[in-house]
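Before anything else, here's the structure in question.
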Amino acid sequence: MRIETLAVKTGMDPDGASRAIAPAITLSTTFERGEDGSYPGGFDYSRSGNPNRASLEAALAALEGGPEAVAFPSGMAATFAVISSLLPGDHVVAADDAYYGTGVLLRGHFAGRGIETSFVDMTDLDAVRAAMRPDTRLVWMETPSNPLIRISDIEAVAGIARDGGAIACCDNTWATPLLQRPLDLGMDLVMHSTTKYFGGHSDVTGGVVIVREPGGTLEALRGIQKDGGLVPSPFDAWLTRRGLESLAARMAMHCANAMELARFLDAHPRVERVHYPGLEDDPGHALAGRQMSDFGGMLAFDVVGGRDEAFAVAANVKIIARATSLGGTHSLIEHRASVEGPTTRAPENLLRMSVGLEHIDDLKEDLDRALTAATR
Ligand SMILES: *Cc1c(COP(=O)(O)O)cnc(C)c1O
């Protein structure tokens, strides 16, 4: 089956008794044992397993092409679980433009518990090689990255990690497996915030890790999920599984709208620069063309002027919503520097956009009006 079919079908067999096509939400925390002590339904207690979570995990594993997926209640819980599988004294090499919360977790919580991280420019393979140490156990990458939508080389980074005896994990939240399949390119783990494109409607948080092969890391992740109690609720798992059914259709439109909006902004006199790998002169264009099947729904642009002009553009949009996050049906715009605070890497005149599913002409008109009003 192709990926579009897997997104619709995997883990969605009609319900046993009713033959319902859409799955029920199983709220029961406990499941009946047989007279012989077995669990004929396959579940015993909902922290250890639940039908909605099982359906979601089966679909996520199928989409990324791994044998198993481990679902968590948020993207950060998934990241927390991966790093928690390390031991004090282990060293991490991480992208310096990884998701802001990933950096916060590594610098704060884990650095204080004996897991040290070297932050590197993941687009610079020599810098990645130079950061590897004999005690490096994990290489953490994210591509495309935030907020400059930079592209780093998944296959090459996987090779460097393998040569150094470390496992490699790619945060694939922005691309989704529709556009990019890191396990096929040599990554050991793929992590997602399912809050974004997988849920797809800005109404459920979640996270997942998919492994390339069974073994120690998978067992550690299962242990953290079940024994640590990091489990998504049945309703959250159900919503996320439902989101996956339309993922392929949504991604196609996110990408088409983003490409057209990037070209529009690129030609706009009030825009200094557009960051989008689909543009031919973008530094990530060639690499993205090799490892991605399309360029994604996220873009950023630098407004002519500074912080005040960027704020004014965001203040003047009427259709696009001013909010953080990404991957939903609504287009969102955000002044990233003020969200991230003093340690941000975002330029003050940069606005980030999650391009949604509105009509492209409405999005263009909205931005044109806002840019003209703001920078007159
Ligand atoms: C949102 C996001 C996360 C964190 O996920 P949550 O679901 O908010 O915990 C991690 N990585 C990327 C790339 C994200 O966009």
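Please list, in chain and number order, the residues 5+ apart from residue 68 or on another chain whose amide H is under 5 Å from its amide H, with Hs placed from the backbone.
Under 5 Å from the amide H of residue 68 lie the amide H atoms of 211, each far enough along the sequence or on another chain.
Could I ask something else about it? Within the chain, what's the longest stretch lacking GluC sites (Glu not before Pro) that sit in DSSP loops with no more than 15 other Cβ atoms inside 10 Å?
After excluding every exposed loop site, the longest remaining stretch is 36-279.
If you don't mind, another one. What does the stretch 275-322 give for Rg and for Dmax, in Å, if only its C-alpha atoms count?
14.1, 38
Sticking with this one: Going by the alpha-carbon gyration tensor, a ≥ b ≥ c the square roots of its eigenvalues, is the chain rounded (a/c under 1.5) or, if a/c is not under 1.5, prolate (a/b greater than b/c) versus oblate?
Judged from the Cα gyration tensor, the chain comes out oblate (a/c at least 1.5, b/c at or above a/b).
Still on this structure: How much length, in nm to one decimal, is gained on full extension between residue 48 and residue 362, taken as 0.36 nm per residue of separation minus their Cα-Cα distance?
This chain segment gains 108.4 nm when fully extended.
To the nearest 10 Å², what's residue 273's accessible area with a 1.4 Å probe?
Answer for residue 273: close to 100 Å² accessible.
Size of the stretch 61-219 along its principal axes in angstrom, Cα-based, largest extent first?
41, 34, 29 Å, listed from the longest principal axis down.
What does the C-alpha gyration tensor say about the overall shape of the stretch 275-362? Classify as rounded when a/c is under 1.5, otherwise prolate if a/b is larger than b/c, or oblate. Provide the component values of the computation, followed by the final result.
Working: a/c = 1.85, a/b = 1.27, b/c = 1.46.
In terms of gyration-tensor shape, oblate.
With the other protein chains left in place, how much accessible area per residue, in square angstrom, belongs to the chain at a 1.4 angstrom probe?
It amounts to 42 Å² per residue over the chain.
Roughly how tilted is helix 247-266, in degrees to the nearest 10 and between 0 and 90, from the longest Cα axis of the chain?
It works out to around 20 degrees.
Rounded to the nearest 0.05, what FRET efficiency do residue 344 and residue 184 have when you use their Cβ-Cβ distance and R0 = 22 Å?
Calculated transfer efficiency: 0.10.
For a label point 7 Å from the Cα of residue 227 along Cα→C-beta, name the residues of the stretch 82-124 whose backbone N is under 14 Å from it.
Inside the label zone: 84-87.
What's the angle, to the nearest 10 degrees (0 to 90), between helix 307-316's Cα axis and the longest principal axis of the chain?
That works out to roughly 70 degrees.
Treating the angle as unsigned and between 0 and 90°, give the value, to the nearest 10°, between the Cα long axis of helix 234-245 and the longest Cα principal axis of the chain.
The two axes meet at around 60 degrees.
May I ask you to evaluate 6.51 cos²θ - 1.76 cosθ + 1.60, the Karplus curve with θ = phi - 60°, for each residue of the stretch 140-157 and list the ³J(HN,Hα) values in order in whole Hz, giving x for glycine and proline?
Result, rounded to whole Hz: 10, 10, 8, 8, x, 10, 10, x, 8, 6, 8, 10, 10, 8, 4, 5, 5, 5.
So in the chain, what percent of DSSP beta bridges are antiparallel if you round to the nearest 5? Intermediate values should be presented prior to the final figure.
Numbers: 23 of 42 bridges.
So the antiparallel bridges in the chain amount to around 55 percent.
To the nearest 0.05, what FRET efficiency results for residue 249 and residue 124 with a Förster distance of 35 Å applied to their C-beta separation?
The value I calculate is 0.45.
Of all accessible surface on the stretch 186-316 at a 1.4 Å probe, what whole percent is carbon and sulfur?
Percent of accessible area from carbon and sulfur atoms in the stretch 186-316: 52.
Sticking with this one: For residue 21 and residue 369, FRET efficiency with R0 = 41 Å and r from the beta-carbon atoms, rounded to 0.05? Display every interim value, and only then the final one.
On the way: r = 44 Å, r/R0 = 1.07.
Given R0 = 41 Å and the Cβ-Cβ separation, E is 0.40.
When the accessible area of the stretch 6-137 is computed with all protein chains present and a 1.4 Å probe, what percentage of it is carbon and sulfur? Spell out each step's value before the answer.
Numbers: 3500 of 6410 Å².
About 55 percent, which is the carbon plus sulfur part of the accessible surface.
Considering all projection directions equally, how large on average is the shadow of the alpha-carbon convex hull of the stretch 1-140, in square nanometres?
On the way: hull surface 49.7 nm².
The directionally averaged projection comes out at 12.4 nm².
The values are calculated or read from the model by the stated rules, or taken from the named source; none is laboratory data. Note that the coordinates shown come from a computational prediction; the quantities given were computed from them, not determined experimentally. For neighbour counting, all protein chains shown are included, and Cβ atoms are generated from backbone atoms with ideal geometry for every residue, glycine included. Surface accessibility is based on the protein's heavy atoms, side chains included, excluding ligands, DNA and RNA. Shrake-Rupley method; radii C 1.70, N 1.55, O 1.52, S 1.80 Å.
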